[in-house]
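Novice: Before anything else, here's the structure in question.
Each value in this text was obtained by applying a stated rule to the coordinates, not by laboratory testing. This structure is a prediction, so every number in the text was calculated from the model and none was measured. All Cβ positions, glycine included, derive from the backbone under ideal geometry; neighbour counts span all protein chains shown.
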Amino acid sequence: MVCIFSSNFLYIPSANALSDSKQFVLDAWTLVNEGYYDPDRLDEIQWKRIRQKTLQKQIETSAEAYSSIEDMLKPLEDPFTRVLRPKDYELLKTSNFGSEINGVGLQLGEDEINKHIKVISTLAGSPAEEAGIISGDLVDKVDGISTSELGLANTASKLRGESGTKVLVQITSLSDGIKEIDLERRSVDLRPVRTKRLRDDSHTIGYLRITQFSESVPKKIEEALQELKDKEVEGVILDLRNNSGGLVSSGIAVADSFLSGKAIVETKDRNGIKDAITSQENTFFDGPMVTLVNKGTASASEILAGSLQDNERSTLMGEQTYGKGLIQSLKSLGEDSGIAITVASYLTPEGNNIQGKGITPDIILNLPEAREYGNSEDKWVKNAEIYLNSIFDKNEIQETEAEVEKTNIEN
């Protein structure tokens with residue numbers, strides 16, 4: 001008997017014939033194959049052939065398995081689809097569901113054009129923030145190793161570690177040029193929701209800052225809004241500066257707290273199916289709002305900002321946002337590892353795709369950032385206060401005029 005196979009036939013060993021390490025790699029390939037948002041991209045890079053070539057390699061240890069998966073994912077040129085080794089997987093879960101992490105407090109992204117690793121934002125109260133590292137700075141080296149060699153995931157991994165240990169980071173700063181900074185890792189309190197009341201002689205405003213979207217945030221926001229309403233605030237300043245995202249579901253739930261029966265976001269999956277998510281009718285706060293955004297506002301926080309802007313629910317004030325319009329799903333891989341996979345893209349309610357573009361605020365602020373957000377020297381918050389006060393005063397004038405007109409009619 002003669003068997004003839006076409007030239008593009010790919011021989012894949014059966015699962016039973018694979019070692020544990022190779023099965024681990026195949027599991028990662030399968031998760032991406034089944035979930036990646038752009039099947040055409042998988043075809044372009046010959047994803048099935050990549051599987052064949054990868055499984056032909058010597059993969060006997062867990063280290064070789066992780067390296068093989070990283071090499072396998074490189075042709076996608078998607079920094080957000082990445083394998084998470086045990087330490088990184090645990091850290092990501094902690095940041096999404098916990099209250100603190102150990103590290104220097106840098107949230108990183110990758111420039112799509114030149115592949116530079118750049119700072120999206122710094123966590124409040126972190127060593128990175130205290131060292132003056134800001135959104136837009138480039139991370140060139142970590143402990144002498146080039147980040148172009150490390151890649152995004154390994155750069156982030158090398159910055160983490162036990163409290164008290166140090167890491168040397170070379171930064172290209174937008175303002176100061178190239179500099180080396182010795183950062184000491186420590187436990188960083190995420191405290192994702194911070195709130196206070198701002199008062200002057202005539203008005204009371206609630207200040208609400210969200211540093212990232214973790215699982216606990218929607219409930220904390222509801223509690224914070226109720227507290228502010230009990231204090232009879234007339235309006236709210238929502239501060240999303242340097243909020244690099246987190247759980248998309250959390251960002252959507254927060255939008256639901258401010259919108260009544262309005263579109264929040266539209267997602268588009270691998271099959272081109274668009275799914276619009278609409279808020280419930282009840283809101284936790286329906287008064288005047290200003291939302292502060294900057295170039296460190298990304299991902300889930302852009303979903304929230306875009307929904308508020310497109311529905312004319314809040315005035316956006318600040319800088320152009322980061323521009324991350326892709327959604328990742330975190331999948332378990334083995335017992336203690338994971339893989340993040342880009343599974344969908346999203347559009348704002350008016351159909352705007354912000355990937356690589358960001359959101360343009362209604363009012364641009366060309367002001368220096370405050371050293372501490374929300375303090376008395378924060379000129380961004382002061383501008384938001386002035387704007388809200390003008391709305392209150394205008395409403396009061398209109399109410400007075402309406403009352404006078406009513407009186408004239410009755411007389």
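Novice: Pick from 131, 340, 156: which residue has the top mean-square fluctuation in a GNM of the chain where Cα pairs under 10 Å get a spring?
Specialist: 131
Novice: Mind listing the long-range amide H neighbours of residue 264? Cut-off is under 5 Å, sequence gap 5 or more, other chains count too, H placed in the peptide plane at 1.01 Å from N.
Specialist: Residues meeting the amide H criterion: 277, 278, 279.
Novice: Now, a different point. For percent of Cα pairs over 37 Å apart, several values are listed as [x] 19; [y] 30; [z] 45; flag the one computed from this structure.
Specialist: Entry [y].
Novice: Shifting gears a bit: So which aspartates and glutamates can residue 220 reach, going by Cα to Cα under 17 Å and dropping same-chain residues fewer than 8 places off?
Specialist: Qualifying aspartates and glutamates at Cα under 17 Å: 100, 189, 230, 239, 256.
Novice: I need the shape label for the stretch 217-280. Rule: rounded when a/c is under 1.5, else prolate if a/b > b/c, else oblate, with a, b, c from the alpha carbon gyration tensor.
Specialist: prolate
Novice: Fully extended, how many nm does the chain gain between residue 275 and residue 194 (0.36 nm per residue separation, minus their Cα-Cα distance)?
Specialist: Extra length available between residue 275 and residue 194 comes to 26.0 nm.
Novice: How large is log10 I(q)/I(0) at q = 0.15 Å⁻¹ when the Debye formula is applied to the Cα atoms of the stretch 193-393, each weighted equally and without solvent?
Specialist: Values, matching the q order: -0.88.
Novice: Output ³J(HN,Hα) for the stretch 25-36: one whole-Hz value per residue in order, computed from phi by the Karplus curve 6.51 cos²θ - 1.76 cosθ + 1.60 with θ = phi - 60°, and x for Gly and Pro.
Specialist: Working through the residues one at a time gives 5, 5, 4, 5, 4, 5, 4, 5, 4, 8, x, 4 Hz.
Novice: Continuing with the same structure: Using modelled amide H (1.01 Å from N, peptide plane; none on Pro or chain starts), what sits under 5 Å from the amide H of residue 246, excluding residues fewer than 5 places away?
Specialist: Amide H neighbours of residue 246, under 5 Å, 5+ apart: 213, 300.
Novice: Per-residue HN-Hα couplings for the stretch 165-180, Karplus 6.51 cos²θ - 1.76 cosθ + 1.60 at θ = phi - 60°, whole Hz, x for Gly and Pro?
Specialist: With coefficients 6.51, -1.76 and 1.60, one gets 7, 10, 9, 9, 10, 9, 10, 9, 8, 5, 10, 10, x, 7, 8, 9 Hz.
Novice: Oh, and also: Over the chain, what is the percentage of antiparallel beta bridges among all DSSP beta bridges, to the nearest 5?
Specialist: Roughly 75 percent of the DSSP beta bridges within the chain come out antiparallel.
Novice: Another question about this same structure. If you keep only loop residues by DSSP, which GluC sites (Glu not before Pro) in the stretch 21-67 have at most 16 other Cβ atoms within 10 Å of their Cβ?
Specialist: Here the sparse-neighbourhood loop sites are 60.
Novice: Indicate the gyration tensor shape class of the stretch 181-296 (rounded, prolate or oblate), computed on the Cα atoms with a ≥ b ≥ c the square roots of the eigenvalues: a/c under 1.5 is rounded; otherwise a/b larger than b/c is prolate and the rest oblate.
Specialist: oblate
Novice: Could you check which residue among 58, 320, 355 shows the biggest mean-square fluctuation in a GNM of the chain with a 10 Å Cα cutoff?
Specialist: Taking springs between Cα atoms under 10 Å, the residue moving most is 58.
Novice: What pairs in 229/324; 87/324; 229/331; 158/179 have C-alpha atoms more than 28 Å from each other?
Specialist: Values: 229/324 33 Å; 87/324 25 Å; 229/331 39 Å; 158/179 18 Å.
Among 229/324; 87/324; 229/331; 158/179, the Cα-Cα distance tops 28 Å for 229/324; 229/331.
Novice: Just tell me which aspartates and glutamates come within less than 15 Å, Cα to Cα, of residue 394; anything on the same chain fewer than 8 places away is out.
Specialist: Candidates past the 8-residue exclusion: 234, 385, 403.
Novice: If you don't mind, there's one more thing I want to ask. Residue separation times 0.36 nm, minus the C-alpha to C-alpha distance between residue 77 and residue 260: what's the value?
Specialist: Difference between extended and current length: 62.0 nm.
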